[in-house]
1. Does Ser39 qualify as being open to solvent by 20 Å² or more (accessible area, probe 1.4 Å) and out of contact with any Pro (no Cβ under 8 Å at 6 or more places or on another chain)?
2. Looking only at the stretch 16-31, how many residues end up being touching a residue at least 24 places away in the same chain (Cβ under 8 Å) and out of contact with any strand residue (DSSP E or B) (no Cβ under 7 Å at 6 or more places or on another chain)?
3. State all residues of the stretch 148-160 that are within 21 Å of Glu288 (Cα to Cα), touching a strand residue (DSSP E or B) at 6+ places or on another chain (Cβ under 8 Å) and of a type in the set (A, V, I, L, M, F, W, C); if no residue qualifies, say none.
4. Condition first: within 19 Å of Asn170 (Cβ to Cβ), among the small types (Gly, Ala, Ser) and under 15 Å from the mean Cα position of the chain (by Cα). Now tell me which residues in the stretch 91-125 satisfy that.
5. Being out of contact with any Pro (no Cβ under 9 Å at 6 or more places or on another chain), crowded, with 17+ Cβ neighbours inside 10 Å and of a type in the set (Gly, Ala, Ser) narrows it down to one of Gly179, Gly112, Gly149, so name that one.
6. Would you mind stating whether His299 is open to solvent by 90 Å² or more (accessible area, probe 1.4 Å), at pLDDT 90 or above and not basic (Lys, Arg)?
7. Out of Ser42, Ser57, report the one residue that is in contact with a helix residue (DSSP H, G or I) (Cβ under 6 Å, 6 or more places away or on another chain) and among the polar types (S, T, N, Q).
8. Out of the stretch 229-245, which residues are out of contact with any strand residue (DSSP E or B) (no Cβ under 8 Å at 6 or more places or on another chain) and either over 14 Å from Asn271 (Cα atoms) or at pLDDT below 90 (or both)?
Amino acid sequence: MAPIKDHRFAMIEKVSDMKISLFTFIRNGTLLGYPFIESICSALPLCDEFVIAVGDSEDDTLARIKAINSEKIIIIPTYWNEKMQDRGFVYAQQKMIAQYNCTGDWAFYLEGDEVLHEDDLPKIRAAMEQHLNHPEVEALAFDYFHFFGSPAWVATSPAWYRQECRIIRNTIRSFAPDGLYWVVMNKNSRGRYPKAALVGAPIYHYGHVRSIAAMHAKNQRVGKYWGHDHPLFNGYQIDPAAIRHFTGRHPSIVKDWLANEAEKFFAPDTNYHLSKRELKHRWVMKLEKLFGMELSKKHFTPIKI
């Protein structure tokens, strides 16, 4: 079959009739400093359709998505339930509105601050091709680069999920209890994490390198969806032992956003006062190093084929 082409981005070879649905939700993406256009465009060459639940926004989010001008994009206008303030479930509602409109063999969820590297697109497609006819593989999980403070630093402690499912088989009963992960309902009243194979490629997560002003705006607006007010954001603070320098190469699509929208001058505070949770994670990192183990939380059951 002919290669899939997008008018601005990468080209990858399609070797079967497998259909891939990408999906996401977004609201006030510009106001809150999300690289959501870069996120969408990084994945467009990979998919047959991209379903986007666009919440009623106070900025130009909808106009910017329309300006991408891709026939693959399906926009679903949505309204958020402002009374839903239990543990971020409104995010799950919006996520599932988009997922339930996907028609592909696989449904690939990408958040508005997550970007795919152009070099990894063939590997991601190959993983979906490889496992398409293995029904025991219910999902596919990615490694993660969680950038923190600036694009030069990556969070590495087990406080940050190191691997997470972002692709789910679109023929199983699944739902999201929040925006992060899925539960598979193989019984009417009980759910479990999906069984997932590893893609062997990372997702680049830029949510914690947004400008201080954008993070301040986000905390003011989203705390209520968890039933509490977030403290005002005045700067990036973290245990210095929980981060390392990033030595790789950022996706090409996000370089302008990093140059113009991201914080650039972060440096870890050597006098930072550790919380009890951070002290616990330091001990976990010591155990990982001592025994060669990986102890971060998984929202999936790893499976090998």
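1. Values: open to solvent by 20 Å² or more (accessible area, probe 1.4 Å): no; out of contact with any Pro (no Cβ under 8 Å at 6 or more places or on another chain): yes.
No; evaluated as a whole, the condition is false for this residue.
2. Quick first cut of the stretch 16-31, residues touching a residue at least 24 places away in the same chain (Cβ under 8 Å) only: 16, 18-31.
Among the residues that remain, those that are also out of contact with any strand residue (DSSP E or B) (no Cβ under 7 Å at 6 or more places or on another chain) are: 16, 18-19, 28-31.
Qualifying residue count for the region: 7.
3. Trp153, Val154, Ala155, Trp160
4. Within the stretch 91-125, Ala92, Ala98, Ala107 qualify.
5. Working: Gly112 fails: out of contact with any Pro (no Cβ under 9 Å at 6 or more places or on another chain); Gly149 fails: out of contact with any Pro (no Cβ under 9 Å at 6 or more places or on another chain).
So the residue among Gly179, Gly112, Gly149 that is out of contact with any Pro (no Cβ under 9 Å at 6 or more places or on another chain), crowded, with 17+ Cβ neighbours inside 10 Å and of a type in the set (Gly, Ala, Ser) is Gly179.
6. Details: open to solvent by 90 Å² or more (accessible area, probe 1.4 Å): no; at pLDDT 90 or above: yes; not basic (Lys, Arg): yes.
Criteria not met by His299.
7. Ser42
8. Going through the stretch 229-245, the residues out of contact with any strand residue (DSSP E or B) (no Cβ under 8 Å at 6 or more places or on another chain) turn out to be 229-235, 237, 239-241.
The answer is Asp229, His230, Pro231, Leu232, Phe233, Asn234, Gly235.
The values are calculated or read from the model by the stated rules, or taken from the named source; none is laboratory data. The shown structure was predicted, so the numbers you read here are calculated from the model rather than taken from an experiment. Backbone-built Cβ (ideal geometry, glycine too); neighbour counts: all protein chains shown. SASA here: full protein model, heavy atoms, side chains in, ligands and nucleic acids out. Shrake-Rupley method; radii C 1.70, N 1.55, O 1.52, S 1.80 Å.
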